[in-house]
Amino acid sequence: MNATLSPDRRAELLTAAMTDAEKQTLTFGYFASTLGPDQPKPPEGSRAGSAGYVPGIPRLGIPPQWQTDAGVGVATQGAAAVKRERTALPSGLATAATWDPDIAFEGGAMIGDEARRSGFNVMLAGGVDLMREPRNGRNFEYAGEDPLLAGRIVGAQIAGIQSNRIIATVKHFALNDQETDRQGSGDSAIDRAAARMSDLLAFQFAIEAGNPGAVMCAYNRVNGPWACESPWLLTDVLRRDWRYPGFVMSDWGAVHSTVASANAGLEQDSGAPFDDKPYFGPPLAAAIREGAVTHARLDQMARRIVRSMFAHGLLDLPISEQPIDYAAHAAVTRKDAEEGAVLLKNEGALLPLAPALRRIAVIGGHADRGVLAGGGSSLVYPRGGNAVADLKPTSWPGPVMYYPSAPLDAIRKQAPGAIVRFADGTDVAAATALARESDVAIVFGTQWAGESFDVPLMLDGDQDALIAAVAAANTRTVVVLETGGPVLAPWAERVPAVLEAWYPGTEGGEAIARLLFGETAPSGRLPATFPRSLAQLPHPQAPHSGETRYSEGGAVGYKWFDKTGAVPQFAFGHGLTYTRLAYRRLRARAEGGTVRADFQVTNTGSRAGVAVAQLYVGPVGGGWEAPKRLGGWRRLALAPGASSAASVIIDPRLLATWDEGLRQWRIAAGDYRVMLADSARDIRETATVRLSARALPADWKPPTAHALH
Ligand code: BGC
């Protein structure tokens with residue numbers, strides 16, 4: 001308990017004082033809820049209706065690990081009778097759409113505070129699987145298709161959670177990029193170098209920025225072996241190359257062996273009884289007795305677990321249940337929702353709406369009652385309960401949840417003089433009649449996504465037809481989307497305005513109305529490409545069982561579109577606001593073995609707004625997985641007429657390719673194009689920089705976490 005010693009030293013001393021049985025206690029976790037009346041009861045000492053529990057060792061002052069899901073707030077698991085009602089952030093993808101690590105940190109700090117005050121010291125949050133498959137049902141939990149953006153945002157969220165002196169868990173390591181067949185023969189097959197430059201790079205950036213106490217290995221197989229028994233992932237990449245000091249916990253039911261898992265680098269088998277049979281616990285004790293797992297490895301497992309417990313304050317700052325400041329937290333989630341919504345289209349400056357409008361039609365999406373949330377283990381139950389309680393499925397991966405923050409009420413508040421009427425959209429004729437007699441029609445389009453299933457790339461049910469009919473009835477139609485990720489928008493050319501609000505969290509209705517009426521200006525940017533058709537995707541067929549060979553390698557999202565010349569519906573990085581922004585005076589030069597870019601952004605319009613100036617890079621002579629990569633960005637809030645100078649220093653790994661033979665990042669000598677852009681398809685200025693050859697070791701990190709921006 002000598003807090004002046006390093007976590008490593010403390011872990012060493014503590015492990016030396018443990019018996020083998022005590023070490024093994026730390027390596028075995030239980031599900032802390034029940035799946036139904038005939039199912040095993042949660043263990044004594046656990047927090048009711050939560051994800052996980054690892055018993056402590058009272059003799060040595062080691063507290064239990066009380067583990068809760070997840071990325072948008074404190075969730076409730078299983079068939080628990082009492083739901084924990086907590087604040088929910090917008091989806092992970094919405095937070096990624098802010099392109100704002102400070103917002104991600106604040107959101108993380110807020111949900112981490114609720115976790116601590118709810119009695120949890122481990123939050124199973126920090127989802128950073130790359131969006132390779134836009135139909136992945138869990139894309140809403142992650143941070144999009146670009147490794148730098150996803151890694152920085154999720155890293156900041158992890159740092160925010162851990163600022164409460166609890167552990168966060170980056171997950172699901174790795175390539176858990178679809179839900180179909182995730183626990184069967186589902187195998188993500190990919191060239192190793194390509195993985196280093198895409199999915200694994202997102203994890204690497206998140207770990208560097210967030211320093212999570214734990215890594216959760218995934219359900220799926222990667223190039224053959226299960227992720228939780230992959231020596232390549234858990235030892236070669238994570239330990240040897242990244243020098244990760246924390247521990248690896250499994251996903252719930254993701255373990256399939258004792259010896260292979262323990263020796264590959266798994267430290268904690270989570271969520272008993274989710275595995276088909278116990279693998280750690282008594283079988284691990286037997287493997288140790290027989291010498292198949294060494295004592296040295298058991299020591300290392302225990303040491304890594306308590307090392308994270310020390311490093312993140314679990315022993316020094318015990319948790320206790322405390323009241324939560326919900327009013328303050330509502331402001332945090334609302335701000336995230338406002339910054340994360342993306343204005344995809346705004347012809348004729350239809351938005352912001354004038355408060356003086358007389359007749360407003362609000363149509364569909366249960367907008368009279370609330371806003372949609374994603375399903376599965378990450379689901380947070382809101383205060384006030386489900387606003388639309390009877391939708392199917394009502395149990396796992398449901399319930400389909402609407403947070404009681406009704407856009408209709410919030411719109412009425414914004415336009416007190418207007419007659420605001422609602423049509424639920426089930427009767428298309430009634431909806432179009434209402435649209436026809438209104439000054440503006442706001443139609444909501446929803447897509448429910450969740451864990452354990454993938455989704456078609458479209459709105460649920462017949463909403464595309466409803467939107468097309470409303471747009472035909474009123475040329476002043478605004479579409480508000482609440483989706484897990486990208487959807488096809490066959491009506492996109494026929495509606496003047498589209499706002500993507502994602503799953504906007506427990507204050508989502510308020511946020512949507514404030515954006516529509518310009519009380520705040522949209523500033524979100526797409527963290528993922530919206531395709532025009534399935535044929536544009538690297539895998540046009542729906543996700544399938546068995547092996548998925550990612551032959552596109554690192555060409556994920558916009559990189560694939562650039563490489564194939566496909567024109568998306570809405571590009572990565574795209575997002576409008578209510579003012580005009582000019583990007584100019586790009587100057588780029590080689591500096592310290594990488595590229596530094598300086599530029600200026602000016603608000604040339606008449607309203608305040610936020611620019612997200614994006615820097616893309618690519619070798620003039622080609623040779624990468626795709627013509628360009630995002631190298632960095634700056635988010636700048638500008639008053640009307642204001643200008644701001646900014647610079648970006650590009651992480652040199654983004655100028656390199658991974659050499660699997662030499663295990664190095666290698667920058668090829670030559671000319672590189674540096675592009676100052678407003679989206680992946682809206683390049684405003686270009687400069688060229690000549691770089692010399694450079695090699696960076698596998699464990700290269702930026703000198704300080706904040707050296708690059
Ligand atoms: C999910 C994890 C989650 C765990 C515990 C699993 O089904 O994949 O993301 O943390 O359950 O609830």
Kirkwood Rh in Å, taken over all unlike Cα pairs in region 393-476: 14.7 Å
Label-reachable residues, region 231-264, where backbone N falls under 17 Å from a point 7 Å from A285's Cα toward its Cβ: 258-259
Over region 341-532, volume per residue of the alpha carbon convex hull, in Å³: 110 Å³
Set of region 259-288 residues, backbone N closer than 16 Å to the point 7 Å along the Cα-Cβ line of K41: 273
Partners for K559 among lysines (Cα-Cα distance below 19 Å; same-chain residues under 8 apart left out): K628
Under the Karplus curve 6.51 cos²θ - 1.76 cosθ + 1.60, θ = phi - 60°, whole-Hz ³J(HN,Hα) for region 329-338, x wherever Gly or Pro sits: 6, 4, 5, 5, 5, 5, 4, 4, 4, 5
Solvent exposure of region 350-461 as accessible area per residue, Å², 1.4 Å probe: 38 Å²
Label point distance in nm, R494-D8, each placed 7 Å from Cα along Cα→Cβ: 6.4 nm
Kirkwood hydrodynamic radius over Cα pairs of region 227-321, then Stokes diffusion coefficient at 37 °C and 0.692 mPa s, in µm²/s: 235 µm²/s
Cut-off under 5 Å, modelled amide H: who pairs with L581 long-range: T604
Value of [θ]222 nm, deg cm²/dmol, for the chain, DSSP H segments ≥ 4, -39500 (n - 2.57) each, nearest 500: -6500 deg cm²/dmol
Cα gyration tensor, region 208-257 - rounded (a/c under 1.5), prolate or oblate: oblate
Acute angle (nearest 10 degrees) that the helix 199-210 long axis makes with the longest principal axis of the chain, alpha-carbon atoms: 80 degrees
Ranked packing of 313-324, 435-446, most packed first, by mean Cβ within 10 Å: 435-446, 313-324
Estimated distance in nm for a label pair at A81 and R165, the labels positioned 7 Å out from Cα along Cα-to-Cβ: 3.5 nm
Rounded, prolate or oblate (a/c below 1.5 giving rounded, otherwise prolate when a/b exceeds b/c) for region 473-528 by Cα gyration tensor: oblate
Accessible surface, region 7-311, averaged per residue in Å² (probe 1.4 Å): 27 Å²
DSSP-loop trypsin sites (Lys or Arg not before Pro) across region 572-610, with at most 15 other Cβ within 10 angstrom: R580, R607
Heavy-atom accessible area per residue - region 541-623, 1.4 Å, Å²: 40 Å²
Added length on full extension, which subtracts the Cα-Cα distance from 0.36 nm per residue, A669 to A465: 68.1 nm
Within the chain: Cβ-based charge dipole about Cα centre, in debye rounded to nearest 20 (Lys, Arg +1; Asp, Glu -1): 1740 debye
For M458, residues with placed amide H under 5 Å, excluding near neighbours: L488
Under the Karplus curve 6.51 cos²θ - 1.76 cosθ + 1.60, θ = phi - 60°, whole-Hz ³J(HN,Hα) for region 642-654, x wherever Gly or Pro sits: 7, 10, 9, 8, 8, 9, 10, 10, 7, 4, x, 5, 7
Largest-first principal axis extents, alpha carbons of region 7-311, Å: 50, 44, 43
Highest-first arrangement of 205-211, 389-395, 639-645, 84-90, where packing means the average Cβ count within 10 Å: 84-90, 205-211, 639-645, 389-395
Share antiparallel - DSSP beta bridges, the chain, percent rounded to 5: 60 percent
Proximal lysines to K23, defined as alpha-carbon separation beneath 28 angstrom and excluding residues fewer than eight positions away on the same chain: K41, K171, K277
Whether the chain is rounded, prolate or oblate, judged on the alpha carbon gyration tensor where a/c under 1.5 counts as rounded: oblate
By average C-beta atoms within 10 angstrom, highest first, the peptides 290-298, 504-512, 545-553: 504-512, 545-553, 290-298
Stokes-Einstein D in µm²/s, Kirkwood radius over Cα pairs - region 275-357 at 10 °C with 1.306 mPa s viscosity: 82 µm²/s
Expected-Rg normalisation [2.2 N^0.38 Å, Cα atoms] applied to region 521-660: 1.23
At q = 0.12, 0.13 Å⁻¹, base-10 log of I(q)/I(0) for region 75-200 (Debye sum, equal scatterers on each alpha carbon): -0.48, -0.56
The chain, accessible surface, carbon-and-sulfur percent (1.4 angstrom probe): 52 percent
For region 87-101, 3J(HN,Hα) per residue [Karplus equation, 6.51 cos²θ - 1.76 cosθ + 1.60, θ = phi - 60°, Hz, x = Gly/Pro]: 7, 10, 6, x, 4, x, 5, 5, 5, 4, 5, 6, 6, 10, x
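The values are calculated or read from the model by the stated rules, or taken from the named source; none is laboratory data. All values derive from a computational prediction rather than experimental measurement. Every residue, glycine among them, receives a Cβ derived from its backbone with ideal geometry; neighbour counts consider all protein chains shown. Quick note on the areas: whole protein, heavy atoms, side chains included, nothing else; ligands and nucleic acids left out. Shrake-Rupley method; radii C 1.70, N 1.55, O 1.52, S 1.80 Å.
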